[in-house]
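Just below is one structure, and these are the notes that go with it.
The values are calculated or read from the model by the stated rules, or taken from the named source; none is laboratory data. This structure is a prediction, so every number in the text was calculated from the model and none was measured. Note: ideal-geometry Cβ built from the backbone for every residue, glycine included; neighbour counts use all protein chains shown. Side chains included, ligands, DNA and RNA excluded: accessible areas come from the protein's heavy atoms. Shrake-Rupley method; radii C 1.70, N 1.55, O 1.52, S 1.80 Å.
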Amino acid sequence: MDLKMKTLLKIVLSSVIGPLILYGMFFLYLNHQTYLKHLSEEPIKEDRPKFWVYAKNNDTGYLKHVYAVLQRLGFQKSNNESNWDLLWAHDYPFRVLFASLNRLQEHQLVNHFPGCGYITNKVDLSTSHGRYIPAAFKMPDDRQAFLDYIKSNPSKQFVQKSNDHRGIRICDNSNVNFTAGTFIQEFIEQPFLVDGYKFDIGVYTVITSVDPLRVYVYKADVLFRFCPIKYYPFDPEILDKYVVGDDYLPIWNVPSLKRYYTELGYSMKDSFDAYVREQGKNPSEMWDRVYDAIREVALMKEAQIREVSKRFGNGRNFFELVRFDLALDEDLNVYMMEANMSPNLSSAHYPPNQLLYEQVIFNTFALVGIGKRIKTESLRTRNKAEKEMQVANKNIVVLPELCKECADCFRVECQLCRPCFTPETELILSRSYLEHQNQMDFQRIFPPPITKDMVLKDYTLRNQLLVRWYQGKCELDKTWCR
């Protein structure tokens, strides 16, 4: 090929290839801009922990604060068909969802215990004969027991209620009736009043384990609900004088508490405590009795809940947020009135309660491990290294002097030594350790605070062993003593 032909070929090729290269570069630029636009419009989706809600009523607006807290924790709403992490059941789920809930995976959690009705059923609780429960009698079954009681206490008054707490009336031994489907309970006379108003106290409580039992109370605040009409002069026909209803008087409308709560910004609990101290009384002794009353109920019902929970595996998939409602007399004696499964967490009627409800929910989720520090697509632990980073054997071993002498595992206390750990023991102690680390504004009331005169014989063997473990942790680190 001569020089002229080579020159001509170069000119032809450059005139063809140059535009092709420019076109290709322009095409790549357009594709890149389209990709960037796609990223800005539709961010890459990441897997997040999943929750779903079970409620008989499709309108679940009353769970607004539950949704809000879960979304802030990175959860996404799902359904029963997904591999969910949390079931939040507003209604008791174990009958309708039995097939789904009797084969749960280790990471799945449900916010009720099977058999929790043994605590939250009004009649069952009222007729449980606890030290803090006013004497109560179910009609007509307990008719003779009631007649014997009023014979020994002729001056006492009683409240008669239907089993759903409707149709309330005051009665004495002269006008009581024995209508089936009702129960009769001793009336608390001379109640403690604030500015003339009677009230009840709602204490938020979380049960994280049954067999062994672990119970925590929310100590940062409680719910005070006041009757809207002053108690005196007493009139049994005016229920608003002595029965707390849905339209209760909130604490910010009670003059002696308003300044503490509204102007100075104290919690309901701290506002009330300040008022009690003004009256020359000691609120801390009262709160000790409150916690003892809750502890008593949980221990009383543990065996029944344990038996029902056996139908659903080892019972480690459940926790229970319950609100115990208590009353006081003028001497600050404590009376257990009822326990609420799925307590009201809606602030629609009383907007200032939003903070209380969201803090209770957030602290509950932290306590039971839903609000995890580790960001994952599920509550399941991904590997052994991740598990040990949170809690390792060195975090749960106790009683070094005793374990050094344990030649075998037949001695009960030796079960708390690493060579004797069973998988179940290791799981129980690991969860107990994590709850202690994550309890935030919750206070453990069972196992109870460690004291020198503690008596264990009335507890189950599993509870005794867990109490001994907390004692061992207390001996190593004083922050575990409460």
Practice item. Only one of the values (1) 26, 59, 14, 0; (2) 19, 46, 22, 6, 4, 2, 0; (3) 24, 55, 20, 1, 0 was calculated from this structure for P(r) over Cα pairs in 20 Å bins from 0, in percent; name its label. Key: (2)
Practice item. In vacuum, with every alpha carbon of the stretch 409-449 counted as one equal point scatterer, what does the Debye formula give for log10 I(q)/I(0) at q = 0.22, 0.23, 0.31 Å⁻¹? Two decimals, please. Key: -0.79, -0.82, -1.02
Point to revise | Semi-axis lengths (Å, descending) of the ellipsoid that matches the C-alpha gyration tensor of the stretch 146-249 | key: 28, 22, 13
Review point. For the chain, which cysteines have no disulfide-compatible partner, meaning no other cysteine Cβ under 4.7 Å?
Key: CYS116, CYS171, CYS227
Point to revise | Nearest-ten-degree value, helix 3-41 long axis tilted from longest Cα axis of the chain | key: 10
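What value, in deg cm²/dmol to 500, does the helix sum -39500 (n - 2.57) over DSSP H runs of n ≥ 4 give at 222 nm once divided by the residues of the chain?
For the chain, the value works out to -11500 deg cm²/dmol.
Using the Cα atoms of the stretch 203-325 to build a convex hull, what is its mean projected area in square nanometres? Numbers along the way, then the final one.
On the way: hull surface 40.4 nm².
Taking a quarter of the hull surface, the average projection is 10.1 nm².
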Review point. Ranked from highest to lowest mean number of other Cβ atoms within 10 Å per residue, what is the order of the peptides 182-191, 148-157?
Key: 182-191, 148-157
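Please list the three semi-axes, largest first and in whole Å, of the ellipsoid equivalent to the stretch 253-351, using sqrt of 5 times the eigenvalues of its alpha carbon gyration tensor. Mind showing how you got there, number by number?
Details: eigenvalues 219, 71, 22 Å².
Equivalent-ellipsoid dimensions as semi-axes: 33, 19, 10 Å.
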Study note, to complete from the structure: Rounded to the nearest 10, the angle in degrees between the Cα long axis of helix 283-309 and the longest principal axis of the Cα atoms of the chain comes to 70
Revision key, fill the gap. What the Cα atoms of the stretch 88-162 span along the principal axes, largest first and in whole Å, is 56, 23, 17
Practice item. For the stretch 158-208, just list the percent of Cα-Cα distances falling in each 10 Å bin from zero outward, please. Key: 20, 36, 31, 12, 1
Review point. Measuring from label point to label point, each 7 Å out along Cα→Cβ, what is the LYS230 to ARG311 span in nm?
Key: 5.2
Practice item. Would you work out what percent of the accessible area of the chain, with all protein chains in place, is carbon or sulfur (probe 1.4 Å)? Key: 52
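If you take the alpha carbon radius of gyration of the stretch 338-482 and divide it by 2.2 N^0.38 Å, what ratio comes out, to two decimals? Intermediate values should be presented prior to the final figure.
Details: Rg = 18.3 Å, N = 145, 2.2 N^0.38 = 14.6 Å.
Taking the Cα Rg and dividing by 2.2 N^0.38 Å, one obtains 1.26.
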Point to revise | Computed over the stretch 245-310, Cα set: Rg, Dmax in Å | key: 17.3, 50
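Quick one: accessible area per residue over the stretch 292-363, 1.4 Å probe, rounded to a whole number of Å²?
Details: 2550 Å² over 72 residues.
Using a 1.4 Å probe on heavy atoms only, each residue of the stretch 292-363 averages 35 Å².
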Practice item. With a 1.4 Å probe and every protein chain left in place, work out the accessible area per residue of the stretch 373-482 in Å², rounded to a whole number. Key: 59
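Under a 1.4 Å probe, what is the accessible area of the stretch 70-184 per residue, stated in Å²?
With all protein chains present, the stretch 70-184 gives 49 Å² per residue.
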Check your understanding: Roughly how tilted is helix 354-368, in degrees to the nearest 10 and between 0 and 90, from the longest Cα axis of the chain?
Key -> 80
